[in-house]
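Inspection log for the structure reproduced underneath, given as structure tokens.
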């Protein structure tokens with residue numbers, strides 16, 4: 001008999017992963033089709049990009065040159081996201097209203113983040129989006145209809161799949177096994193450190209320790225939810241684990257890029273360290289983005305998405321097995337069995353979308369001549385990077401708006417201490433692996 005956690009997993013067509021993949025791959029296919037049909041201008045008009053500016057009239061001029069681009073971008077994603085909302089069971093009307101306001105904030109922070117002066121101080125769009133969200137989220141009572149549009153996990157998954165279209169599959173094949181090797185070392189070590197600190201040092205329940213360990217070692221919020229469900233952790237334990245992930249993820253957005261610049265790390269190495277030591281995909285993209293080099297984003301993606309995120313399914317099987325054979329011993333749950341199918345049920349589908357997008361674009365580029373390939377990179381991959389940027393901006397705003405410092409202080413010191421033990425293990429270990437053991441491979445990523 002399967003564990004009861006399986007029943008909590010919604011069917012494939014009502015999962016955020018599924019719709020994030022559908023929407024992102026639809027954009028990749030649509031942009032490619034438009035390119036071959038000569039519709040590159042329409043794509044460029046939709047993929048709104050705000051250039052660097054230093055004087056206000058230049059910003060106004062840039063926006064006036066294509067006044068319909070914001071409406072086209074808004075209409076495209078509103079239609080896609082609202083359609084997904086209907087199937088996922090969200091209140092589509094409230095979501096649409098909330099997304100409209102979120103989109104307005106994204107235009108504002110992107111315009112500010114494109115300012116030359118702010119760029120010099122590394123205050124670009126990701127950090128500004130996070131700062132604006134945190135400031136307003138902790139000082140203003142947000143209406144419920146707006147909060148319904150703050151779908152952090154959904155937006156980041158769309159962005160990750162779009163990231164796949166900008167990362168050649170050859171790089172994934174070359175560096176992917178190395179990323180998985182480095183991720184395995186870090187994930188296992190961090191999980192064990194947090195789990196034993198939680199259970200042996202601070203006397204927390206094993207399920208609580210496993211949930212904290214998963215959040216700190218794999219893919220943050222998603223891992224805490226998946227592993228918490230797999231081992232039947234209490235809802236309050238999952239909530240605390242999520243709070244720990246958010247707290248440290250936000251701190252690392254500022255700490256890791258600053259340390260990388262202070263230590264003079266190459267972009268590829270810095271991105272790998274961030275991918276090894278950040279606790280959430282969205283926060284990691286923000287941190288890697290502030291490095292100011294696409295290589296940092298690529299190596300971060302290889303480490304975090306290809307390397308660490310893939311452990312969710314495996315960890316779910318391990319903790320579910322421990323739960324029903326050891327932690328629930330003597331209860332009815334001890335008679336249950338955990339099948340390997342749990343790996344597939346818990347496996348994050350957006351990773352498959354990421355790989356599919358990368359493979360598709362790589363095949364397209366291999367099928368056309370070099371001149372057409374250069375044009376495709378400019379007229380198709382370029383706009384996809386821009387769309388990816390907007391998806392991540394909505395992600396960072398959502399993180400900020402949903403981060404409540406008051407709530408983060410309610411969980412007591414023991415979970416915080418246990419998670420901090422993992423941080424103290426994870427960050428230096430990730431630095432050593434990225435700068436010493438695997439440095440040559442991360443430097444080779446172009």
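The values are calculated or read from the model by the stated rules, or taken from the named source; none is laboratory data. Keep in mind the model is a prediction, meaning the values are calculated, not measured. Note that each Cβ is placed from the backbone with ideal geometry, even for glycine, and that neighbours are counted across all protein chains shown.
Summary of computed values
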{"read-out": "Helices (runs of 4 or more DSSP H) (entirely within segment 336-425) containing at least 1 residues that are surrounded by 23 or more Cβ atoms within 10 Å (Cβ to Cβ) and modelled with pLDDT under 90", "value": "341-346, 349-367, 382-402"}
{"read-out": "Some residue of segment 124-131 being over 23 Å from the mean Cα position of the chain (by Cα) and touching a residue at least 60 places away in the same chain (Cβ under 8 Å)", "value": "no"}
{"read-out": "Criterion (buried (at least 20 other Cβ atoms within 10 Å of the Cβ) and either under 15 Å from residue 31 (Cβ atoms) or in contact with a helix residue (DSSP H, G or I) (Cβ under 9 Å, 6 or more places away or on another chain) (or both)) met by exactly one of 437, 445", "value": "445"}
{"read-out": "Segments classed as helices (runs of 4 or more DSSP H), wholly inside segment 143-250, with at least 3 members that are under 30 Å from residue 359 (Cβ atoms) and either without any contact (Cβ under 8 Å) to a residue 60 or more places away in the chain or in contact with a strand residue (DSSP E or B) (Cβ under 6 Å, 6 or more places away or on another chain) (or both)", "value": "169-196"}
{"read-out": "Any hit, segment 212-219, residues being buried (at least 18 other Cβ atoms within 10 Å of the Cβ), modelled with pLDDT under 85 and on the phi < 0 side of the Ramachandran plot", "value": "yes"}
{"read-out": "Condition broken by residue 86, with the remaining ones in (1) surrounded by fewer than 16 Cβ atoms within 10 Å (Cβ to Cβ); (2) not in a helix (DSSP H, G or I) satisfied", "value": "(2)"}
{"read-out": "Hits in segment 257-269 (condition: buried (at least 23 other Cβ atoms within 10 Å of the Cβ) and touching a residue at least 40 places away in the same chain (Cβ under 8 Å))", "value": "257, 265, 268, 269"}
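Every residue, every condition in (1) buried (at least 23 other Cβ atoms within 10 Å of the Cβ); (2) farther than 18 Å from residue 160 by Cα; (3) touching a helix residue (DSSP H, G or I) at 6+ places or on another chain (Cβ under 7 Å), yes or no:
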| site | (1), (2), (3) |
| --- | --- |
| 226 | yes, yes, yes |
| 233 | yes, yes, yes |
| 239 | no, yes, no |
| 254 | no, yes, no |
| 288 | yes, no, yes |
| 297 | yes, no, yes |
